[in-house]
Every structure is written in structure tokens, then in C-alpha cells.
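To start, the structure under review is shown below, and the notes come after it.
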Amino acid sequence: MPQTVQIRLVAHLVDGALIHRLRNYGEDVYRYTRDGGKGMGEVDLEEVDSAKDQFSVRRVANRKVRGLCRWLEEEGARQNLRIVAAASRPPHS
């Protein structure tokens, strides 16, 4: 069953400039998951565009979760953002 990876910005003060950087990072995540191949996950750009401190990557294949979480945190650090990425299974419908 696919998982959801929650991406959370860790900061003492989240201001407009930091929110803008998080949204730019989210667009990079969107491109990475779109181009990364099957099972890499799906990012809702509307969610990214309204994000204040977090957004999600949904439908991540189990075999891709660990590598994606590592990339998310490394890419966040590269962009001078402190990001925590954690996976969870969506609730059963």
C-alpha cells in the first residue's frame, strides 16, 4: 500500500520570505517526484502554493520511501531549509 510523506519546515519564526522559499522548494519536490519515475509519489501544487510550514507527497511506493525522505531532507539543507520528512500510511477507506 502506498504511503504519504509529510514534509515539515522546522523554524523558530516563519515569515513571508521563509514561506516563499518553502513553496519554491515544494515546486522542486514536485518536479523531482514527477520526473523520478513510477512510485516516486504525487505532489499537489495547490497544496504547495498554500503551504505555510508543511505539505505532503502522496502515493509513495514502499520501496521508494526511505530514499525519498533522504532526498527531501538533503535538498532542504541544500536550499538552507531545515526539513523533516516522515512517512505514514494513509487511513483505510
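Since every read-out is calculated from the coordinates, none of them should be taken as a lab result. Keep in mind that what you see is a predicted model, and the values were worked out from it rather than measured. Heads up, the Cβs are rebuilt from the backbone with ideal geometry, glycines too, and the neighbour counts pull from every protein chain shown.
When only DSSP loop residues count, what trypsin sites (Lys or Arg not before Pro) in region 29-93 have their Cβ near at most 13 other Cβ atoms within 10 Å? Mind showing how you got there, number by number?
On the way: sites: Arg31, Arg34, Lys38, Lys52, Arg58, Arg59, Arg63, Lys64, Arg66, Arg70, Arg78, Arg82; in loops: Lys38, Lys52, Arg82.
Qualifying residues, ordered by number: Lys38, Lys52, Arg82.
Starting from the chain, pick out the GluC sites (Glu not before Pro) whose DSSP state is loop and whose Cβ has at most 16 other Cβ atoms within 10 Å.
Values: sites: Glu27, Glu42, Glu46, Glu47, Glu73, Glu74, Glu75; in loops: none.
Counting only loop positions with at most 16 other Cβ atoms within 10 Å, none of the GluC sites (Glu not before Pro) in the chain qualifies.
For the chain, a Gaussian network of Cα nodes joined below 10 Å ranks Val65, Val43, Val14 by mean-square fluctuation, and the top entry is Val14. Hull volume per residue, based on the alpha-carbon atoms of the chain and their convex hull, is 92 Å³.
What percent do you get for the relative contact order of the chain when only Cα pairs under 8 Å and 6+ apart count? Write out the running numbers ahead of the final one.
Values: 146 pairs, mean separation 43.0, N = 93.
Relative contact order comes out at 46 percent.
A simple spin-label model places the labels of Arg31 and Ile19 2.4 nm from each other, with each point 7 Å out along Cα-to-Cβ.
In the chain, the longest principal axis of the Cα atoms and the axis of helix 65-78 are about 20 degrees apart.
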